[in-house]
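Below is one structure, written out as C-alpha cells, with a few remarks after it.
The values are calculated or read from the model by the stated rules, or taken from the named source; none is laboratory data. Predicted, not measured: the structure shown is a model, and the values here were computed from it. Note: ideal-geometry Cβ built from the backbone for every residue, glycine included; neighbour counts use all protein chains shown. Surface areas here come from the heavy atoms of the whole protein model, side chains and all, with no ligands, DNA or RNA. Shrake-Rupley method; radii C 1.70, N 1.55, O 1.52, S 1.80 Å.
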Amino acid sequence: SDCLGWPYYDREIISAVARRNALDEGYVEDALEQGDFRGVPLTIGRTFAYLPSMPHDSRQLLQEQRRVLRALAAHGDAVKLMPDYKEYDYEAELVVVMGRPARDVSVDEALDYVYGYTCGDDLSTRDLQFARGGQWLLSKTFDGFAPIGPCLVPAGELDPTTLDISSQVNGQTRQSSNTGDMIFSVAQIIADLSHHFTLMPGDLIFTGTPQGVMQGYPADQKDWLKPGDRVSVTIQGIGTLENTFV
C-alpha cells in the first residue's frame, strides 16, 4: 500500500540493499541479474533551481560526494542521532539505482542505464559539516544517514523529469517541489558522473534536494531534527519513505 500498488515494485531488493549494506554476488545475480554490484551511494549537491539568482548552466554547481555503505537505512528504520551534534537536517531526494555499467555515456542515452528509482532522505549534520570547512563526506555518512525506500520502481514506469517531491516533519510539510525544477536533469547527472568514473549496477545516486531544508531557514526559526521526530519523503509515482529518529 505504501508503494502505490505498482505491479513491478520490488520491496525485497530495496530493503535488502538498505538493511544489509553489502550484497554477495549470488544475491545480486538474482536481484539485478548482474554479476558485479558495487552499491556505492553518491550524493549530488545543489541541483534544484530555487533561488532566482542561481545560474542554471554552471557545471560548478554539480558537486559529487560519495558516502559509505553503512549510511544506508531502510523504510521504517529508526535512525540514531549522536548527542555530540545538534543541527540535524533532512533533504528529500529522488534516488537513481543504476542497472548497467556506465562509462562516458551521453545525456541522450543516460537513462537507458537506469534500473529504477526510489525515495531518499539525504540527512546532514550541519554543525559538523560547516565546523570542518564544508566537510560533506563526514557530515552525511553517520550510520543510517541515507534512508531509501519504500520500494524500487522500474525506470520505464516513471519520467524522472516531472515528479512532485515533498518532505514532511511530524506531519508538517517542509519541502514541496517538482523534479522539473532541477538545474541538472537525472540524465545530465549520470552523463557527467560517467564521464569521470564508471558507474556500476547497484550504484545509488541521490540527485539533490529542493528548497525547504532547515539550513535555509532564518536563524530564529531553525528547528533541527531531534529524537522522537518523524520524517516522510514522498515522490509522485513511488510512494512515501518514512523514518523516525532516536
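Overview of results
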| quantity | calculated |
| --- | --- |
| Members of region 205-224 found to be surrounded by fewer than 17 Cβ atoms within 10 Å (Cβ to Cβ) and either in contact with a Leu (Cβ under 6 Å, 6 or more places away or on another chain) or part of a loop (DSSP other than H, G, I, E, B) (or both), listed by number | Q211, Y217, P218, K222, D223 |
| Selection count, region 166-204, where residues are small (G, A, S), open to solvent by less than 40 Å² (accessible area, probe 1.4 Å) and not in a helix (DSSP H, G or I) | 5 |
| Residue check for L199: within 30 Å of R103 (Cα to Cα) and out of contact with any Cys (no Cβ under 6 Å at 6 or more places or on another chain) | yes |
| Residue match in region 130-147 (condition: touching a Phe, Trp or Tyr at 6+ places or on another chain (Cβ under 8 Å), farther than 27 Å from K86 by Cβ, buried (at least 19 other Cβ atoms within 10 Å of the Cβ) and not aromatic (F, W, Y)) | no |
| Considering residues of region 48-101 that are of a type in the set (D, E) and part of a loop (DSSP other than H, G, I, E, B) only, the residue modelled with the lowest pLDDT | D57 |
| Where G202 falls short, out of the listed (1) modelled with pLDDT of 95 or more; (2) on the phi > 0 side of the Ramachandran plot | (1) |
| Residues of region 86-127 satisfying the condition of being open to solvent by less than 60 Å² (accessible area, probe 1.4 Å) and aromatic (F, W, Y) | Y88, Y90, Y113, Y117 |
| Subset of region 225-236 (residues that are over 23 Å from R126 (Cα atoms) and open to solvent by less than 20 Å² (accessible area, probe 1.4 Å)) | I235 |
| In region 102-122, residue nearest to D229 (Cα to Cα) [restricted to those that are in a loop (DSSP other than H, G, I, E, B) and charged (D, E, K, R)] | D122 |
| Which numbered condition G156 misses (of (1) closer than 18 Å to P41 by Cα; (2) open to solvent by 30 Å² or more (accessible area, probe 1.4 Å)) | (1) |
